[in-house]
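Data block below; observations after.
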Amino acid sequence: MALKSRWGGRLAGPLLLLLSLLLSLVLAEGFLRLALNPGDYLSVELVPDEVLKHRVKPHSAGHDAWGFRNPEVPGSADILALGDSQTYGVAAPGTRSWPAQLQRLTGRRVYNLALGGYGPAQYAHLLETRGLTLHPSVVILGFYFGNDLGDAFEMVYRYPAWAHLRDPAFTPAPPDTTAEAPHFLQGPRLWLGRHSVLYRLFSFHLAGQLRFLEMKLRGSADQALVVDDKTVGIRTGFTPAMRLEVLDTSIPEIAEGWRLTQGFLDRIAGVCRNHGVRLVVLLIPTKESVYAAGLPGVVPARHEAFPALIAAEEAVRRAVVARCDSLGLPWVDPLPEMAAAVRRGEAIYPSNQDGHPNGKGYAIIAGELAKRLGGIAETSTISP
């Protein structure tokens, strides 16, 4: 009896500590769910889709009945935003994505029909099957230079639903079938990501800082560039080599992606024209081009892939603008204003290698769009 009593006494302290810790975590989780929007932090549940590649399960992590980042699916919306993660608003709360900020600036209902991993094929399909049912008067097509050409190629040549658009004379390189190694404790981490705001908030900040430190220690060994220089006011990371791989039209697959992208742009323009909808093309620059324009001669000189990426992006920008002009489409380029913000020392991107703008960066994009929609034109950033 004395032995049991002694062991019981030894266990009482740790058990009480464990229960206190669990109670504290539950209370913290409850407080965060009251103070924050869980939809901005919880991981969404993706389901496979033969046409879209993937989609968000309806109502997953605060998304609407269609699986998009809106409070609800409205009966109508004046402005429809098409795009990928740059339009979805990764790296910022939903209320600070550029579609949400555009709604506040213009006072017009904006529906965000964007999702990470999407490209020109999905933009066209979603406009035809979802977007038009909202009866928009304006469609804003968010074209991201960082991966849209590659995404157009991938959808057409990897998914049977788009096979009819393939060029019979084109033989693509075989896809990379290397399986990604499972992450440490992948199952529990996935469950926590979908159910715990506390875990996601912690992982956002901790993972970002650890990744930044890792990049600094490794240098360019993983094709990344870290600049932490107080003299020029930069503390962030870049991935110029990765961006170049999906933007360089000297690569046959990317050149084919550009051909397909032109077809999708023509298709979207035709649909909008036939339904009396005004189409505006938003040119979303890469993080690398924003910093290169804002601090010329500082950032590009630090990585060999930078000059090639900037040249490739500028060539594609000219081609997209020429295509828009030939179709009579207005276009908006926020690059000059974003570069000016960088020049002023403003942090408009996260401090790690993430290429998505933060809320401040999205505010600049929304502001440039509001000028266009409000008729306040500036020839340096908005087409005539």
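A few points about this structure:
- Take 94-104, 224-234, 132-142 and order them by the average number of nearby Cβ atoms within 10 Å per residue, most first; the result is 94-104, 132-142, 224-234.
- Applying 1/(1 + (r/R0)^6) with R0 = 35 Å to the Cβ-Cβ distance of residue 45 and residue 266 gives a FRET efficiency near 0.55.
- Taking a Cβ cut-off of under 15 Å around residue 72, the surrounding Lys, Arg, Asp and Glu residues balance to a net charge of +2, with basic ones at +1 and acidic ones at -1.
- If you take all other residues with their beta carbon under 10 Å from the beta carbon of residue 157, and give Lys and Arg +1 and Asp and Glu -1, the sum is -2.
- Relative contact order (%) - segment 35-157, alpha-carbon pairs under 8 angstrom, separation at least six: 25 percent
- Shape parameters for segment 92-142, alpha-carbon atoms, Rg then Dmax in Å: 11.4, 30
- Charge sum, other residues only, whose C-beta stays under 14 Å from residue 317's C-beta, Lys/Arg counted +1 and Asp/Glu -1: -4
- Amide hydrogen neighbours beyond the local backbone of residue 67, cut-off 5 Å, H modeled: 59
- Under conditions of 10 °C and 1.306 mPa s, segment 77-174 yields 110 µm² s⁻¹ as its translational diffusion coefficient, taking Rh as the Kirkwood radius over Cα pairs in the Stokes-Einstein equation.
- Residue by residue, segment 288-294 carries 3J(HN,Hα) couplings of 4, 5, 5, 6, 5, 6, x Hz when phi is fed to the Karplus relation 6.51 cos²θ - 1.76 cosθ + 1.60 (θ = phi - 60°); x denotes Gly or Pro.
- Intensity falloff of segment 265-384 expressed as log10 I(q)/I(0), Debye formula with alpha-carbon point scatterers, at q = 0.09 Å⁻¹: -0.28
Bear in mind these aren't lab numbers, they're just calculated from the coordinates by the rules spelled out. In this text the structure is predicted, and so the values were computed from the model without any measurement. Don't worry about glycine lacking a Cβ; one is built from the backbone with ideal geometry, like all the others, and counts go over all protein chains shown.
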